[in-house]
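Read the figures in this text as sums done on the coordinates, not as results from a lab. Every value quoted in this text rests on a predicted model; they were computed, and no experiment measured them. Neighbour counts are summed over all protein chains in view; Cβ atoms, including those assigned to glycine, are modelled from backbone coordinates with ideal geometry.
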Amino acid sequence: MSDTSYDQTINAYWGRDGLEQAILDALRAAGKNLDHLTLDDLAPMDQFHGGGKRATVRLARLAGLSTGTRILDVGGGLGGPARTLAVEFGCQVTSVDLTASYVRAAAALTARLKLGERVTHRAVNALEIPFDDGVFDVVWTQNSGMNIADKDRLYAGFHRVLRAGGLLVLQEPMAGPVQPLVFPVMWARDAATSFLHPPAQMRELIEAAGFRTRAWEDVTEEIARPGAAGPAYSIQRLVMGDVLDDIRHAGERNRVERRSVMVQAVFERRSSD
């Protein structure tokens, strides 16, 4: 699949017209004050990944993020993680995502929270990161690689934009010991656009791209367990609609039967040989 075809496929799957207004309408219906929104008000709507905001905070603590850290958030979606890293950890975040409607909505929400000086958003293909070498302290990515087949190219790009000693901080679903995956899942209707590798293979692939492992934790039971369905105004329901019930059922099977696992990990960029 060409890069253009890939872009079109992913935008067709994830893209939603009028997403910003739909989010604001849902928040208003839930009784939120749109002129005084907080991170926690937005969390059900802007943390579109396994575990929600608590998983973002957990991962940030695992990485030991601190004030002033320059972060590239790849696959940043609606900007929930980026805004959390800016507000709760004092980071400067550039968030990129392939889906144009998400980028527009993310920028509007960031402006609404008056965080434009600390968080920026751009429409970018993760395989074509348009930044200079070594300009970031951290590449952050949560549940964004599942649709990407060319993982060698993906992690080579991450390595390039990180300074020596910089960190790759990730949360990612991976293939479990039992296969095949049950569909639909959140990121794909079927196997044609789902590209999961087993944990050992993923770790080897990332290390081969020029990283050394600092932390590697299977968090399947801690953050991937579905638990309560969450509020009616969740972003999952807003984007996926009625098919969300099938996705949740398949997700529970995948977790219980160990067809998929969730990993949080931190890697350090090695200096080039």
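Enumerate the calculated ³J(HN,Hα) couplings along the range 126-137 in order (Karplus 6.51 cos²θ - 1.76 cosθ + 1.60, θ = phi - 60°), each rounded to whole Hz, writing x wherever the residue is Gly or Pro.
My calculation for the range 126-137 gives 4, 8, 9, 5, x, 10, 5, 5, x, 9, 10, 7 Hz in order.
What whole-number value in cubic angstrom gives the convex hull volume per residue for the C-alpha atoms of the range 82-178?
Measuring per residue, one finds 127 Å³ for the Cα hull of the range 82-178.
May I ask you to order 147-153, 169-175, 204-210, 100-106 by the average number of other C-beta atoms within 10 Å around their residues, highest value first?
Final packing ranking: 169-175, 100-106, 204-210, 147-153.
How much length is gained on full extension from Ala30 to Ala149, taking 0.36 nm per residue of separation minus their Cα-Cα distance?
Contour length minus Cα-Cα distance gives 39.0 nm.
Work out, in µm²/s and without decimals, the Stokes-Einstein translational diffusion coefficient of the range 9-155 at 4 °C, 1.567 mPa s, Rh from Kirkwood over C-alpha pairs.
Reported coefficient: 83 µm²/s.
For a footprinting-style exposure proxy, rank Thr94, Thr67 by other Cβ within 10 Å, fewest first.
Numbers: Thr94 21, Thr67 8.
The fewest-first ordering by Cβ neighbours comes to Thr67, Thr94.
Test of understanding: ordering Ser144, Ser234 by Cβ neighbours within 10 Å, fewest first, what list do you get?
Numbers: Ser144 23, Ser234 19.
Ranking Ser144, Ser234 by Cβ neighbours within 10 Å, fewest first, gives Ser234, Ser144.
What is the distance, in nm, between label points placed 7 Å from the Cα along the Cα-to-Cβ direction at Leu205 and at Arg248?
Going by the 7 Å Cα→Cβ label model, 3.0 nm.
Which log10 I(q)/I(0) values, to two decimals, does the chain give at q = 0.11, 0.15, 0.16 Å⁻¹ under the Debye formula with one point per Cα?
Per q value, in the given order, log10 I(q)/I(0) is -0.58, -1.15, -1.33.
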